[in-house]
Amino acid sequence: MENGGVYNETTEPEVKAPRRPPLGFTLRHLRGWRLPVKVIQTILSLAAVICEEIVEDCSNCGGLYFFEFISCSAFLLSLLILFVYCTDTYESLGEDKVQKL
């Protein structure tokens with residue numbers, strides 16, 4: 001009894017969880033040509049917002065304000081799409097809800 005032969009260890013050693021990237025970053029859902037297209041779309045919509053902000057003077061600004069709204073909305077939605085598809089949010093929402101969105 002004194003040498004520990006009577007008692008065996010009954011618990012298993014603690015297994016460490018696999019190391020996950022920050023925010024669960026993954027490219028599993030945007031494969032092939034879809035990822036570069038979404039990244040280019042985000043960059044171009046940001047460039048459109050920046051170009052619109054450079055304009056200082058215009059004679060008919062209605063179209064410019066509409067362009068600003070559309071380009072800013074496109075940029076924010078592109079970022080949202082990249083965030084959902086490239087993080088664990090896709091699994092937490094479920095594929096059916098993501099497709100509905």
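The values are calculated or read from the model by the stated rules, or taken from the named source; none is laboratory data. Just so we're clear, the structure is a prediction, and the values are computed from it rather than from any experiment. When we count neighbours, we look across all protein chains shown, and the Cβ atoms used for this are built from the backbone with ideal geometry, even at glycine. Only protein heavy atoms, including side chains, enter the accessible area calculation; ligands, DNA and RNA are left aside. Shrake-Rupley method; radii C 1.70, N 1.55, O 1.52, S 1.80 Å.
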*Quick check: is even one residue across the range 17-31 at pLDDT 80 or above and open to solvent by 100 Å² or more (accessible area, probe 1.4 Å)?*
no
*Single match in Asp57, Asp96 (criterion: over 30 Å from Leu27 (Cβ atoms), open to solvent by 80 Å² or more (accessible area, probe 1.4 Å) and of a type in the set (D, E, K, R))*: Asp57
_What's the total number of residues in the range 39-54 that are of a type outside the set (Ser, Thr, Tyr) and open to solvent by less than 50 Å² (accessible area, probe 1.4 Å)?_
4
*Kindly indicate the residue of the range 60-80 that is in contact (Cβ under 8 Å) with a residue 12 or more places away in the chain and of a type in the set (Gly, Ala, Ser) and also nearest to Ile40 (Cα to Cα) among those meeting that condition.*
Ser78
*helices (runs of 4 or more DSSP H) fully within the range 51-101 counting 3 or more residues that are within 19 Å of Pro36 (Cα to Cα)*: 62-85
*Only residues in the range 40-54 that are under 12 Å from Cys72 (Cβ atoms) count as the first member; pair them with residues that are in a helix (DSSP H, G or I) and open to solvent by 80 Å² or more (accessible area, probe 1.4 Å), Cβ under 8 angstrom, at least 6 apart or cross-chain, and list the lot.*
Ala48/Phe67; Glu52/Phe67
